[in-house]
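Notes to accompany the following structure.
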Amino acid sequence: MWSTWPPGGGIVDNRNNPSIVLARFFGKRVVVHFGLLESEKYLSRWRSLLGPIFRMADEIVVNSRYSSAVFQRYSLRTKVVAAPVDVELIPERHVTSCNRRSCSIVP
């Protein structure tokens, strides 16, 4: 996933770590969007590789405060950009039976 933001050639890339190094080499701003749900496991496994590379980024953007807290444990600063959810677009569903997998109480 390559896209330019902000105008002027910043690179946003959430999968390709060598692109971060290349962008810095060419003097571009780097914004990393990290949306992986298992960020704790990922960062603990790849800490020695990702730490220095992520520190090269100008900004690290995550989806939740939880992910931000995980990154802070690894001394990486983040900005939280939550994806808004419009509950009006989600259809209401009445549940008539409960089982072990899902049980909802609808008034």
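Throughout, read-outs are computed from the coordinates displayed, never taken from laboratory work. A quick note: this is a predicted structure, and the numbers were derived from the prediction, not measured. So basically every Cβ, Gly included, is an ideal-geometry build from the backbone, and we count neighbours across all protein chains shown.
What is the sum of charges around Thr78, taking Lys and Arg as +1, Asp and Glu as -1, for the other residues whose C-beta is under 13 Å from the C-beta of Thr78? All intermediate terms of the calculation are to be shown ahead of the outcome.
Working: positive: Arg55, Arg65, Arg73, Arg77, Lys79; negative: Asp58, Glu59.
After counting each charged neighbour, the total is +3.
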Query raised in the report: What list of ³J(HN,Hα) values in whole Hz, one per residue of segment 29-42 in order, does the Karplus curve 6.51 cos²θ - 1.76 cosθ + 1.60 (θ = phi - 60°) give from phi, with Gly and Pro shown as x?
Result: 6, 10, 10, 9, 9, 10, x, 6, 5, 9, 5, 4, 5, 5
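I'd like to compare 75-86, 40-51, 57-68: which one has the highest average count of other Cβ atoms within 10 Å, and what's the full order after that?
The packing order, highest mean first, is 57-68, 40-51, 75-86.
Summing +1 for each Lys or Arg and -1 for each Asp or Glu, what net charge is found among the other residues whose Cβ lies under 15 Å from the Cβ of Arg65?
Working: positive: Arg73, Arg77, Lys79; negative: Glu40.
Taking every other residue near Arg65 into account, the sum is +2.
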